[in-house]
Amino acid sequence: HESIHCQQWNGQNNTLLSNALAEGTADFLAARILQINLDHPNDYGPMHECELWKEFEQKMNSTDASEWLYNTSLNEKRPADLGYFMGRRICAA
């Protein structure tokens, strides 16, 4: 994951979408190379994908990633770092 970040273009903006894409791409490529499933054992993302997309779409142009990235979420109803999941899904598409 981190070695992939070294290859990414560093001119991204600071929106949630841009950061989720950077993290999700690094996760996606690392998972493909290592042939692992990053959604297991936490299947929250796939199980709640529809509702996550609705929320993500509303916030993706914001620079506030606190509910999505870098383990900063204080939301006790769902796991932190779901922005990585969203970025992986975009990259996979």
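What to note about this one:
- Residue list for the stretch 14-33, restricted to those being surrounded by fewer than 15 Cβ atoms within 10 Å (Cβ to Cβ) and without any contact (Cβ under 8 Å) to a residue 40 or more places away in the chain: Arg32, Ile33
- Residue that is surrounded by the fewest Cβ atoms within 10 Å (Cβ to Cβ) [pool: residues in the stretch 34-67 that are modelled with pLDDT of 95 or more and aromatic (Phe, Trp, Tyr)]: Trp53
- Residues satisfying the stated conditions in the stretch 36-46, i.e. part of a helix (DSSP H, G or I), within 20 Å of Ala65 (Cβ to Cβ) and not aromatic (Phe, Trp, Tyr): Gly45
- Among residues of the stretch 73-84 that are of a type in the set (A, V, I, L, M, F, W, C), those with a beta-carbon under 8 Å from a residue that is at pLDDT 85 or above and open to solvent by less than 20 Å² (accessible area, probe 1.4 Å) at least six positions away or on a different chain give the pairs Leu82/Gly45; Leu82/Leu52; Leu82/Trp68.
- Test: Ile33 is assigned to a helix (DSSP H, G or I), of a type outside the set (Asp, Glu) and more than 14 Å from the chain's Cα centre (by Cα): yes
- Considering residues of the stretch 73-93 that are under 18 Å from Ala26 (Cβ atoms) and surrounded by fewer than 14 Cβ atoms within 10 Å (Cβ to Cβ) only, the residue nearest to the chain's Cα centre (by Cα): Ala92
The values are calculated or read from the model by the stated rules, or taken from the named source; none is laboratory data. The structure presented is a predicted model; accordingly, all values stated were derived computationally and were not measured. As a convention, Cβ positions derive from the backbone with ideal geometry for all residues, glycine included, and neighbour counts pool all protein chains shown. Areas reflect the complete protein model, heavy atoms only, side chains present, ligands, DNA and RNA absent. Shrake-Rupley method; radii C 1.70, N 1.55, O 1.52, S 1.80 Å.
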